[in-house]
Amino acid sequence: MSTFSYAGLYARNASEPKGLGFGTRGKYDFAVAYPDPGSLPLAGLLDGLRQAMEEEGGDLSLYAHPQGYTPLREFVAAKLQRDRAINVPAEEIVLGDGSSQPIHMIAETLLDPGDVVLTEDFVYAGTLNTFRRFRADMRGVATDEEGMIPASVEEVIRGARGEGRPPKLIYTVPTFQNPQGWTMTLARRKALVQLSQQYDVPIVEDDCYVDLRYEGTDEPSIHSLDGSGRVLYVASFSKIIAPGMRIGYMTGPREFLERALGAKSGGSVSTFGSWAVHRYSTGHLHSHIEEINDIQRDRRDAMLAALDEHFGGSGARWSRPEGGLFIWLQLPAGADAAAVRDDILDEYDVGYLAGPPFAPDGVSGTNCLRLCFGYNTAEEITEGIGRLAAAFRAKGLIA
Ligand SMILES: Cc1ncc(COP(=O)(O)O)c(C=O)c1O
């Protein structure tokens, strides 16, 4: 019997093939934002899980609350109030499979094909891909080291309105931005809120790195500067406990959450994972964040020192983030870091992601690359950045 083919059956909106498998990783793996495996609080998560199983294990026989495990939503509400001046009750929190699921729910709830979405000139590729799945028209806004430039936001909004297509959303990662590393200043946050209110374009504030601060002081959340319901806020336990836990959350106006909940696939978030995160976080999360920040601060410093040493005078520029997991390296114009990426992984064992996956148009930024410093040790980072500079020199990309 001939093998069945799905070729004629795919939905119009089906995604492009992604390729199965995981891709090759370098020994010096600056490509993906993994935390240090040694810093994961495995024993604490296990203890928390055991405690919750003893206390309420029988509840595993039930499907959980559609918004997620209530004590964890209460924990999140208290954290948001304390750390981000976001005053919402647990009833207005929805837990998701990471923050990726809430972002997907927002897209499904708000975006029709062709809707214009504003975002940074380079931004988290996962969200770009999600919004593209809903056939959004992604438009990049110019940024500098203070975040989105308000005049550019306004220009892009007015341009879209001029086409008769008022933008549906502004998506931003305002703190320790992925991939560029900057943090939006208070003045820029206020200007963004003002534009959002003036032109009636809601903002999705993706704040998943905010706790990873190694120096300086926090900027207020964009949500706390609004008060009109135009800001949808998403964040995650992925960067402060572990991506493998797959627990994130969002908040927004009740009216919006009620609609968005209908776009949540798979019912609730795992009770099992929520128990571990909730019991562990109560009492331990604060000190754990301090611990991982000490580790990651050292790694950031090692990467910055190695960049100074090996890329100084090369014509390249790079960001100096106060937190988060990324440094954005810009090679001289015309240098194509995207074209040599696979060869550098093979020949030098160094991984990175070049600019295009982070570009709203999918092609800009070939001379840019994102370097993650969370995974390798400081010694490995020093060695890996030296190799990267040698690779770029050997290929004629830098002086
Ligand atoms: C800016 C940003 N938002 C969202 C996510 C999704 O993370 P998760 O679904 O694990 O919460 C990531 C992951 O890297 C990210 O960098």
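Bear in mind that the values in this text are calculations on the coordinates, not laboratory data. Computed from a predicted model, the values in this text were never measured in an experiment. Here Cβ is always computed from backbone atoms with ideal geometry, including for glycine, and neighbour counts include all displayed protein chains.
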Legend entry - DSSP bridge pairs, the chain: antiparallel proportion in percent, nearest 5: 55
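Just to confirm the filter: which chymotrypsin sites (Phe, Trp or Tyr not before Pro) across segment 4-63 are DSSP coil and have at most 11 other Cβ within 10 angstrom of their Cβ?
Values: sites: Phe4, Tyr6, Tyr10, Phe22, Tyr28, Phe30, Tyr63; in loops: Phe4, Tyr6, Tyr10, Phe22, Phe30, Tyr63.
Counting only loop positions with at most 11 other Cβ atoms within 10 Å, the chymotrypsin sites (Phe, Trp or Tyr not before Pro) in segment 4-63 are Phe4, Tyr6, Tyr10, Phe22, Tyr63.
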Inset, instruction - Using the Karplus curve 6.51 cos²θ - 1.76 cosθ + 1.60 with θ = phi - 60°, work out ³J(HN,Hα) for each residue of segment 54-64 in order, rounded to whole Hz, and write x for Gly and Pro. - result: 5, 6, 9, x, x, 5, 5, 6, 9, 6, 6
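Run the dipole for segment 149-272 about the Cα centre, Lys and Arg Cβ at +1, Asp and Glu Cβ at -1, nothing else charged, and hand back the magnitude in debye, nearest 20.
280
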Inset, instruction - For the chain, evaluate the Debye formula with one uniform point scatterer on each Cα (no solvent term) and list log10 I(q)/I(0) at q = 0.09, 0.10, 0.11, 0.14 Å⁻¹, rounded to two decimals. - result: -0.56, -0.70, -0.85, -1.33
Legend entry - Centroid-to-centroid separation of segment 64-108 and segment 287-307 [C-alpha atoms, Å]: 28
Inset, instruction - For segment 43-283, give the magnitude of the charge dipole about the Cα centre (Cβ charges: +1 Lys/Arg, -1 Asp/Glu; no others), in debye to the nearest 20. - result: 320
Inset, instruction - Would you look at the GNM of the chain, springs on alpha carbons closer than 10 Å, and say which of Ser39, Ser236, Ser274 moves the most? - result: Ser39
Legend entry - Neighbour-count ranking [beta-carbon atoms within 10 angstrom, fewest first] of Tyr209, Tyr124: Tyr124, Tyr209
Inset, instruction - With springs only between Cα atoms under 10 Å apart, run a GNM on the chain and tell me which of Leu353, Leu285, Leu304 wobbles the most. - result: Leu285
Legend entry - Net charge, Gln67 excluded, C-beta distance under 11 Å - Lys, Arg +1, Asp, Glu -1: -1
Legend entry - Calculated [θ] (222 nm, deg cm²/dmol) that DSSP helices of n ≥ 4 give over the chain, each run adding -39,500 (n - 2.57): -12500 deg cm²/dmol
Inset, instruction - Net charge near Leu225: determine it from the other residues with C-beta under 9 Å of the C-beta of Leu225, scoring Lys and Arg +1 and Asp and Glu -1. - result: +1
Legend entry - Percentage relative contact order, segment 43-283, counting C-alpha pairs under 8 Å, at least six apart: 30
